[in-house]
1. Heads up, I need the accessible area for Arg126: 1.4 angstrom probe, whole protein in place, Å², nearest 10.
2. Of the accessible area of region 82-239, with the probe set at 1.4 angstrom, what percent is carbon plus sulfur?
3. Which percent of the Cα-Cα distances in region 67-147 go past 14 Å?
4. Taking the dipole about the Cα centre of region 85-239, with the C-beta of Lys and Arg at +1 and of Asp and Glu at -1, give me whichever of Tyr113, Tyr134, Pro158 is farthest to the positive side.
5. In what order, largest first, do Glu70, Glu90 sit by accessible area if the probe radius is 1.4 Å?
6. When the Kirkwood radius is taken over all Cα pairs of region 35-79, what Stokes-Einstein diffusion coefficient follows at 20 °C and 1.002 mPa s, in µm²/s?
7. Setting aside same-chain residues fewer than 8 positions from Lys78, which lysines have a Cα under 28 Å from its Cα?
8. If I take R0 = 45 Å and measure r between the Cβ atoms of Thr215 and His68 in this structure, what FRET efficiency does the formula 1/(1 + (r/R0)^6) give, to the nearest 0.05?
Amino acid sequence: IGRLEANMISALLVACILSLASGQPLAQPDYGYQPKCRTEYQTTYKTTYETTYKPQCHTSYEKKCSTHYETKYETTYKQECSTSYETKCEQFYRTEYKEECNTSYEKECSTGYETSYKQECSTSYREECQEVGYGYHKTKKCHKVPQQHCQQVPVQKPVQHCRDVPRQHCNKVPVQVPDKKCTQVPRQHCKQVPQQHPVQVPRQQCQNVPKKQCTQVPVKIPKQVPVQVPKKVCGGYGH
């Protein structure tokens, strides 16, 4: 190759490089020579982001309470009284016919009542419920709890009291005789009798029940996407 041709090739290469750098098409030389160019593709990678969702959960606690009843006994006192009789007499003298008597005894009875107590009980049912499971599988489970209620019921019992009453059959004889006037003075005797009564006392029991709550949280995941970038490559000359 002559010196002139070498200079022309060098000038064309410089022009080609400048054209590629500026993005402008290479001007065609007017001396009859054209460069040989081709398009090549280079693979580069571009980062994109895909959005996905993942569950994010936390556990909270809910206070659940239930009430049950305990039976306690309270002691009260009831006054019970009985009556006895005391004879009081006053003595004096009077003229009368003395009686000669034969004494016989007759039994006299009276019926009274004594109060006693017996325990009567009944059963009622109270529904208790609680939640079981978590999330969408949580269900409500209930069952009935028996409760017994008791009370003291008075019962009247007849009691018979009897005593011997003297009966006299007399013949009267006049005589001065001492006499006395007697009266029956009642005396009441009382005492405090303890009695126990059942009382239902409520008791509350509480516990913290865990509850799981979840939400969908967006998450960006990077992804490398291949991109084909064209590149024009020129070299050599031809007519």
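The values are calculated or read from the model by the stated rules, or taken from the named source; none is laboratory data. Fair warning: this is a prediction, and the values are worked out from it, not measured in the lab. Cβ atoms come from the backbone with ideal geometry, glycine included; neighbour counts cover every protein chain shown. Please note that ligands, DNA and RNA were not included when accessible areas were found on the heavy atoms of the full protein model with its side chains. Shrake-Rupley method; radii C 1.70, N 1.55, O 1.52, S 1.80 Å.
1. 50 Å²
2. 49 percent
3. Tail of P(r) above 14 Å: 85 percent of Cα pairs.
4. Tyr134
5. Largest to smallest exposure gives the sequence Glu90, Glu70.
6. Taking Rh from Cα pairs, D becomes 99 µm²/s.
7. Within reach: Lys118, Lys157, Lys191.
8. 0.75
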